[in-house]
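A.B. asks: Take a look at this one; I'll ask things after.
The values are calculated or read from the model by the stated rules, or taken from the named source; none is laboratory data. These numbers come from a predicted model, not from an experiment. Quick reminder, even Gly has a Cβ in these numbers, built from the backbone with ideal geometry, and neighbours come from all protein chains shown. All accessible areas refer to the heavy atoms of the entire protein, side chains included, with ligands and DNA or RNA removed. Shrake-Rupley method; radii C 1.70, N 1.55, O 1.52, S 1.80 Å.
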Amino acid sequence: MEILSEMKGEVDISVKIRTTKFFIKEGFGNLHKNKTMSTASISSVIAALLVIAIFFIIVMNVDYAASKLESQIEMMVYLKDDLSETIVSSMSKEIKTVSAVKDVQFVSKAQALKDLNDKWGDNAYLLEGLEGENPLPDSFKVTLTDPSKADTVALALASISNIERVVYGKEELDKLLKATYILRISSLIIITILVFISVFIISNTIKLTVYARRREINIMKYVGATDWFVRGPFIVEGMLLGLLGSLITTLVVGAGYYYCSNLIQNQMLGLLSVTLMPFKALISSLTLLLGTIGLLIGVVGSFLSVRKFIKV
Amino acid sequence: MIQLKNVNKKFANGHVALNDVSLDIENGEFVFLVGTSGAGKSTIIKLMMKELELDSGKLLIDDKDVAKLKRSQIPILRRKMGVVFQDFRLLQDKTVYENVAFAMEVVEASQKEIRRHVPMMLSMVGLSKKSKQYPNQLSGGEQQRVSIARAMVNSPSILVADEPTGNLDPEMSWEIMKLFNEINQKGTTVLMATHDLTIVDRMKKRVVEISDGNIIRDERRGGYFSENQNH
């Protein structure tokens, strides 16, 4: 007679499938049955995710602008005077082999003077008389794949013979690197804090739905349901709440961003050299982030809120 | 088999719920736990369900020490017992059938088993025709019968009832008792806490009386009051 009196040590696959089906059935059913509470939970998920999403977009854009600046940084490598063309071209090849070097461009002294002329514009008369004996050296313009490696690259370059001096905006670069580093770390911390706050808010909302169903939990426990079995439907429900919330937030924020970035690009704002991160580059990471966080806060939130009622 | 050996239980507020209680209940017995409210009847039931922990002494169910069970083993213990409460504890948004099936679903029974057992239980309690109705469409007696079907659907070896007739009129109460008797005849141990004296007197079963946490009487075929008391 005792069909279920002993729990099997090994887990039967068919039992697992059946249980999962029960969780999904109950999870969906509960979501549907408690429409008011579900709406309230989804709304709080959306509110929390909106804050995270907007913050994320700001961070991504600042980071985007910073990386753009970083990639524009170049090193000037000044050469000794009167080097033959063969030496110069072999030097160029050697520089290219240094790691983190993206591109090398030779600038002859004549070209350098011309550039300076152009740069100074109206004040170029100051350079008059230098044509005869150009004091500017030949040089290479070196761009880097990874600006944070500028120091090592500079050292490596200095050891190459016939190089007079390596010049780059060390301080400016360091400041920029430091700023982007701080930005990345602090945004990670702030997003983590926001996630915790969201978990707290959502677990409180779900707690209300759990409280409304404490009788059900109580009966389940009396009949001999395991803790995991009681949690199951709530976790499925939390997952659904989280995913629905993140879907709605992604749609709203995505559409808003698409509209705004188009507006900025197309209107006169485009003149201000303000470039937002392209929609396509942003939307996939935004979807992934919101989906993950939504799922996480749904699952963790329901897990926490069931905890108290499960101890019967 | 249920064995209590020198069980003590004191609540945080200092109230002594059970004082050195020893009691043996054999398989297949029918036992009434009687006594005033707060005497300790419900405490015994809660200790058996491991809803409460005892302070000292031993509580064995089928030779297993309940105190030593891990949290993860509590479901195994509870599946040995069917529980019936005074307030029925039915889920209002589920039908009669679903309420009974729910007890099987949560212990991960297959749909095949559910479809076989639930109608059997409903016919045993005489509610086959009301399987699609909701609890609020039923009388109190009928609701209690649903909860008995739910308690018995997983074939427990012990049926525990805490004041099952407390909310019912005498006629309905008697129907419930006939059902309990029937269940007991089929071999299930029945332990029922009550202060319904008419029922206890009429059933002529074993009576264990508790007063202030002490067992003061244990009679084979007793009445609600002891014979040597003058009432």
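A.B. asks: Among the residues of the stretch B:65-90, which ones are more than 17 Å from residue B:42 (Cα to Cα) and surrounded by 14 or more Cβ atoms within 10 Å (Cβ to Cβ)?
C.D. replies: Of the residues in the stretch B:65-90, the ones more than 17 Å from residue B:42 (Cα to Cα) are B:65, B:67-77, B:79-80, B:90.
Those that are more than 17 Å from residue B:42 (Cα to Cα) and surrounded by 14 or more Cβ atoms within 10 Å (Cβ to Cβ): B:67, B:69, B:73, B:74, B:75, B:76, B:77, B:79, B:80, B:90.
A.B. asks: Can you give me the number of residues within the stretch B:212-231 that are exposed (fewer than 15 other Cβ atoms within 10 Å of the Cβ) and closer than 17 Å to residue B:37 by Cα?
C.D. replies: The total comes to 1.
A.B. asks: List the pairs whose first member sits in the stretch A:255-267 and is among the aromatic types (Phe, Trp, Tyr), whose second member is open to solvent by less than 90 Å² (accessible area, probe 1.4 Å) and part of a helix (DSSP H, G or I), and whose Cβ atoms are under 7 Å apart, counting only residues at least 6 apart or on separate chains?
C.D. replies: Short answer, once both residue conditions are applied: A:257/A:57; A:257/A:279; A:257/A:282; A:258/A:279.
A.B. asks: Look at the stretch B:29-40 and say how many of its residues are modelled with pLDDT under 95 and open to solvent by 10 Å² or more (accessible area, probe 1.4 Å).
C.D. replies: Qualifying residue count for the region: 3.
A.B. asks: Oh, and also: Tell me whether the stretch B:91-107 contains one or more residues that are in contact with a Phe, Trp or Tyr (Cβ under 7 Å, 6 or more places away or on another chain), over 24 Å from residue A:33 (Cα atoms) and touching a residue at least 12 places away in the same chain (Cβ under 8 Å).
C.D. replies: no
A.B. asks: Taking the criterion of being away from chain A (no Cβ under 14 Å) and of a type in the set (Asp, Glu), would at least one residue in the stretch B:151-162 satisfy it?
C.D. replies: To start, the set of residues in the stretch B:151-162 that are away from chain A (no Cβ under 14 Å) comprises none.
Checking the stretch B:151-162: not a single residue is away from chain A (no Cβ under 14 Å) and of a type in the set (Asp, Glu).
A.B. asks: Follow-up. Of A:31, A:79, A:69, which residue is touching an Asp or Glu at 6+ places or on another chain (Cβ under 7 Å) and within 30 Å of residue A:142 (Cα to Cα)?
C.D. replies: Working: A:31 fails: within 30 Å of residue A:142 (Cα to Cα); A:69 fails: touching an Asp or Glu at 6+ places or on another chain (Cβ under 7 Å).
It is A:79.
A.B. asks: Could I ask something else about it? Restricting the stretch B:41-76 to residues that are farther than 20 Å from residue B:151 by Cβ and in a strand (DSSP E or B), which is modelled with the lowest pLDDT?
C.D. replies: B:64
A.B. asks: Checking the structure you have, find out if any residue of the stretch A:251-268 is farther than 30 Å from residue A:62 by Cβ, aliphatic (A, V, I, L, M) and open to solvent by 30 Å² or more (accessible area, probe 1.4 Å).
C.D. replies: Scanning the stretch A:251-268 turns up no residue that is farther than 30 Å from residue A:62 by Cβ, aliphatic (A, V, I, L, M) and open to solvent by 30 Å² or more (accessible area, probe 1.4 Å).
A.B. asks: Give A:236, A:230, A:210 a once-over and let me know the one that is within 14 Å of chain B (Cβ to nearest Cβ) and under 30 Å from residue B:71 (Cβ atoms). Spell out the reasoning first.
C.D. replies: Details: A:236 fails: within 14 Å of chain B (Cβ to nearest Cβ); A:210 fails: within 14 Å of chain B (Cβ to nearest Cβ).
That would be A:230, the only listed residue that is within 14 Å of chain B (Cβ to nearest Cβ) and under 30 Å from residue B:71 (Cβ atoms).
A.B. asks: Inside the stretch B:180-198, can you point out the residues that are out of contact with any strand residue (DSSP E or B) (no Cβ under 8 Å at 6 or more places or on another chain), away from every other protein chain (no Cβ under 14 Å) and either surrounded by 22 or more Cβ atoms within 10 Å (Cβ to Cβ) or among the charged types (D, E, K, R) (or both)?
C.D. replies: Once the filter is applied, which keeps residues that are out of contact with any strand residue (DSSP E or B) (no Cβ under 8 Å at 6 or more places or on another chain), away from every other protein chain (no Cβ under 14 Å) and either surrounded by 22 or more Cβ atoms within 10 Å (Cβ to Cβ) or among the charged types (D, E, K, R) (or both), the stretch B:180-198 yields B:182, B:196.
A.B. asks: Does any residue in the stretch B:3-14 that is open to solvent by 80 Å² or more (accessible area, probe 1.4 Å) come within less than 6 Å, Cβ to Cβ, of a residue that is part of a loop (DSSP other than H, G, I, E, B) six or more places away or on a different chain, and which pairs are these?
C.D. replies: Short answer, once both residue conditions are applied: B:10/B:55.
A.B. asks: Further question on the same structure: Determine which single condition residue A:255 fails, assuming it passes every other condition in (1) modelled with pLDDT of 90 or more; (2) closer than 21 Å to residue A:191 by Cα.
C.D. replies: Here residue A:255 clears every test but (2).
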